[in-house]
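Enquirer: Let me give you the structure first, and then I'll get to my questions.
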Amino acid sequence: MTGLSARSGSVDLNGETVIVVMTPSCTRCKRAMPRLSKMVESHGIRIVGLTYFDQDGDAMKVLKDAYMPSFPIETVSKKDFMRLTWGRGVPRLARLRDGVVEQVWEAHAFPGVKEISGES
């Protein structure tokens, strides 16, 4: 996966990374937040959230205050966001190794720790 830039700079996709394409208004995304944070805290899985919503906007502030994610959520362009979700919806998860997509999960098929870490 190349050419992905966050408003804060380039998104680091080196090593093993799970990206979560999400929006702060998505109910399934909100329900996934505690589970994703636990994967980071308890299992050391590197997760990066991606959204097109402005980090300083009310929607992101409310999401972060309510769920206190233990992983960064980067703002990407709406064009990049649409490229990552086209026809699929959110949340959309992908496990990458050095920027290469190894596995993708759609909104209806949330993976467990073993799947997301590549142990299954």
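The values are calculated or read from the model by the stated rules, or taken from the named source; none is laboratory data. As the structure is a prediction and not an experimental result, all values here were calculated from the model. Neighbour counts run over all protein chains shown; Cβ positions are idealised from the backbone, glycine included.
Enquirer: Could you list all residues from region 69-120 that are farther than 13 Å from residue 17 by Cα, among the small types (Gly, Ala, Ser) and surrounded by 12 or more Cβ atoms within 10 Å (Cβ to Cβ)?
Expert: 70, 77, 89, 107
Enquirer: Need at least 1 residues that are of a type in the set (S, T, N, Q) per element, so show me which helices (runs of 4 or more DSSP H) inside region 33-120 make the cut, counting only ones lying wholly within it. Talk me through it step by step, then tell me what you get.
Expert: Numbers: elements: 58-67, 78-85, 113-117.
Per the criteria, 78-85, 113-117.
Enquirer: Of the numbered conditions (1) farther than 18 Å from residue 106 by Cα; (2) surrounded by 14 or more Cβ atoms within 10 Å (Cβ to Cβ); (3) in contact (Cβ under 8 Å) with a residue 24 or more places away in the chain, residue 64 fails exactly one; give the number of that condition.
Expert: Exception for residue 64: condition (3).
Enquirer: For region 91-117, enumerate the residues that are closer than 20 Å to residue 38 by Cβ and modelled with pLDDT of 90 or more.
Expert: Once the filter is applied, which keeps residues that are closer than 20 Å to residue 38 by Cβ and modelled with pLDDT of 90 or more, region 91-117 yields 91, 92, 93, 94, 95, 103, 105.
Enquirer: From the set of residues in region 19-32 that are of a type in the set (A, V, I, L, M, F, W, C) and not in a helix (DSSP H, G or I), which is surrounded by the most Cβ atoms within 10 Å (Cβ to Cβ)?
Expert: In this case the residue turns out to be 22.
Table: residues versus (1) of a type outside the set (Gly, Ala, Ser); (2) under 13 Å from the mean Cα position of the chain (by Cα); (3) on the phi > 0 side of the Ramachandran plot; (4) modelled with pLDDT of 95 or more.
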| residue | (1), (2), (3), (4) |
| --- | --- |
| 8 | no, no, no, no |
| 13 | yes, yes, no, no |
| 43 | yes, no, no, no |
| 54 | yes, no, no, no |
| 58 | yes, no, no, yes |
| 63 | yes, no, no, yes |
| 70 | no, yes, no, yes |
| 78 | yes, no, no, no |
| 85 | yes, yes, no, no |
